[in-house]
Amino acid sequence: MTQSPNAGLIGRLVQRVPVLLALPPPRFTVARPTSPLSAVVAVVTVTLDDGGGRLSGLDRLAGGRRDRRALSASRIVNVGWLEEPNDLLAGPRGRRLCFELLPDSAGVLGWPMPVTSQLPSGLRADLEAAVAAAVPSLATEGRSFAGLMEAVNWAMYWQEPDETDRVLEHPLVQEILEPIAQAVAEDPESAWWVSPVALEEAQYVQWLDDPERPPPPIMSGARERLNAWRSATVIDEGRERPADPTAPFTGSWWSTPAHASIVTTTRALPNLGAVGLALVEDSMGVMSARCWPLAAPPTSRVFEITCPDDWVALVSNYPLDVTESRRHDWWRVTGWADSWLIPDWADVAADFDAVHLTVAGYLTTAGRIVRVAGEATLLAGWSPDETFWLNDVLREAGPTTRWRAEGGPTGWVAVLER
């Protein structure tokens, strides 16, 4: 990965800030979304019990392992996706987005790390000046997507947070960044970040110069592959590993059905064949790709992850214990040494055709320890706007297109094929 353009500013900020972020236990008695980020309206709903009610992706029953019928597949629309800047700044990727939007002219070396509740006065003044300089340009230049690309690129779930992410955990730094978070929410470029899955504009990205070159999208057999994934995960959980979370041991660190050949898609944008071309975690510098346009029927049952509460609902309704396989990597990320859960994706597929992570859901949830009763979960290895298709509902929807990594706002340009 390339060095962040704001590395100089971070040099002033800190060397290490040992802060553990954690959500309070979720309020399972909530019947409607309580987070301002989840201020949505259900416009088309397919309920699992055929009751016909209008439920959002957060509606659920209280008590124990909630009845799955309380979850629904909904299409949602934005009614103001960020009313409180703290929603965006509560997640490490959201904080990194805000930081990456500061002008790199703010970078000056020399400040010691803020290990107390107070920031050095000069450091605070420099940060406030950088924020004040950035906000007007965000309003006129629409640079939010560029900051999003950087925030995604620096995501890591197998090691300790990097120096930049650690300093951004400091509460006073987050307070200073609030105007940036508000400017991002008001940027027209970010309006689609809360949008539901694009059923008619889905794009599968095939990386052409990947050493493990993935095949074209596999349009059938998803349920069988998910069952095989679950069996392999359970077997992997039975392997002997060090009980000490600090042991130098690594393993699976993702919370998706990775390596199960499940089709994933993102939407197309103007001048970008697929969001998945530009928004790649820990990018390895792939230079060539093919985009496959796909479509799903409007009756597809899609669960939308728009905020941490949605992720909690999914995990708690379809729990799969992965403590042994994730203990060491996720302890390094979060400091949590107890039990870990992810969704049992084979189980989820019985009720939903797909699960979509909105950009807003990614920025507020990814990389952040989220409590599920007395246990915990982590959304890891899932890119913004990415949809995992758990059932065979997709169809091809047009000719493929070639793309090449190059400069420009998105880093990719179309390649004319003869």
(message) With within 20 Å of residue 269 (Cβ to Cβ) and within 21 Å of the chain's Cα centre (by Cα) as the only criterion, which of 143, 166 stands out?
(response) 143
(request) Could you run through segment 146-173 and say how many residues are without any contact (Cβ under 8 Å) to a residue 40 or more places away in the chain and among the β-branched types (Val, Ile, Thr)? (result) 0
(message) It is to be established whether one or more residues within segment 216-236 are closer than 28 Å to residue 312 by Cα, in contact with a Lys or Arg (Cβ under 8 Å, 6 or more places away or on another chain) and either surrounded by fewer than 21 Cβ atoms within 10 Å (Cβ to Cβ) or without any contact (Cβ under 8 Å) to a residue 12 or more places away in the chain (or both).
(response) no
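In this structure, does residue 357 turn out to be of a type outside the set (Ser, Thr, Tyr), surrounded by 21 or more Cβ atoms within 10 Å (Cβ to Cβ) and farther than 25 Å from residue 203 by Cβ?
Details: of a type outside the set (Ser, Thr, Tyr): yes; surrounded by 21 or more Cβ atoms within 10 Å (Cβ to Cβ): yes; farther than 25 Å from residue 203 by Cβ: no.
Here the answer is no, as residue 357 does not meet what is asked.
Inside segment 387-407, can you point out the residues that are part of a loop (DSSP other than H, G, I, E, B), surrounded by fewer than 24 Cβ atoms within 10 Å (Cβ to Cβ) and touching a residue at least 60 places away in the same chain (Cβ under 8 Å)? I'd like the intermediate steps shown before the answer.
Going residue by residue through segment 387-407, those that are part of a loop (DSSP other than H, G, I, E, B) are 390-394, 397-400, 406-407.
Cutting the leftovers down to surrounded by fewer than 24 Cβ atoms within 10 Å (Cβ to Cβ) gives us 391-393, 397-400, 406-407.
Hits for segment 387-407 are 391, 392, 393, 397, 398, 399, 400.
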(request) Scan segment 363-384 and give yes if some residue there is touching a Lys or Arg at 6+ places or on another chain (Cβ under 6 Å) and in a helix (DSSP H, G or I), otherwise no. (result) yes
(message) Filter segment 320-345 down to the residues that are more than 19 Å from the chain's Cα centre (by Cα) and under 28 Å from residue 223 (Cβ atoms) and list them by number.
(response) 320, 321, 322, 323, 324, 325, 339
(request) Please indicate, with yes or no, whether at least one residue in segment 275-282 is outside any loop (DSSP other than H, G, I, E, B), of a type outside the set (Gly, Ala, Ser) and crowded, with 21+ Cβ neighbours inside 10 Å. (result) yes
(request) Could you tell me which numbered condition residue 249 fails, if it satisfies all but one of (1) under 18 Å from residue 383 (Cβ atoms); (2) touching a helix residue (DSSP H, G or I) at 6+ places or on another chain (Cβ under 9 Å); (3) assigned to a loop (DSSP other than H, G, I, E, B)? (result) (1)
(request) Go through segment 309-342 and give me each residue that's surrounded by fewer than 24 Cβ atoms within 10 Å (Cβ to Cβ) and touching a helix residue (DSSP H, G or I) at 6+ places or on another chain (Cβ under 6 Å). (result) 317, 318, 324, 325, 337, 339, 341
(request) Within segment 185-214, count every residue that is charged (D, E, K, R), assigned to a loop (DSSP other than H, G, I, E, B) and over 14 Å from residue 275 (Cα atoms). (result) 6
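Mind listing whichever residues of segment 314-338 are of a type in the set (D, E, K, R), closer than 25 Å to residue 303 by Cβ and part of a helix (DSSP H, G or I)? Outline the logic, then answer.
Step one: list which residues in segment 314-338 are of a type in the set (D, E, K, R), which gives 321, 324, 326-327, 329, 332, 338.
Then keep just the ones that are closer than 25 Å to residue 303 by Cβ; that gives 321, 326.
Hit for segment 314-338 is 326, nothing else.
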(request) Can you tell me which residue among 369, 342 is closer than 20 Å to residue 228 by Cα and in contact with a strand residue (DSSP E or B) (Cβ under 7 Å, 6 or more places away or on another chain)? (result) 342
(request) Would you check if there is a residue in segment 167-179 being farther than 30 Å from residue 323 by Cα and of a type in the set (Val, Ile, Thr)? (result) yes
(request) Quick one: residue 157 ticks every box in (1) closer than 30 Å to residue 259 by Cβ; (2) under 20 Å from the mean Cα position of the chain (by Cα); (3) assigned to a helix (DSSP H, G or I); (4) among the hydroxyl-bearing types (Ser, Thr, Tyr) except a single one, so which number is it? (result) (3)
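All of the numbers you see were taken from the coordinates with simple rules; none came from a lab. All values derive from a computational prediction rather than experimental measurement. Cβ sites come from the backbone with ideal geometry, for glycine too, and all protein chains shown count toward neighbours.
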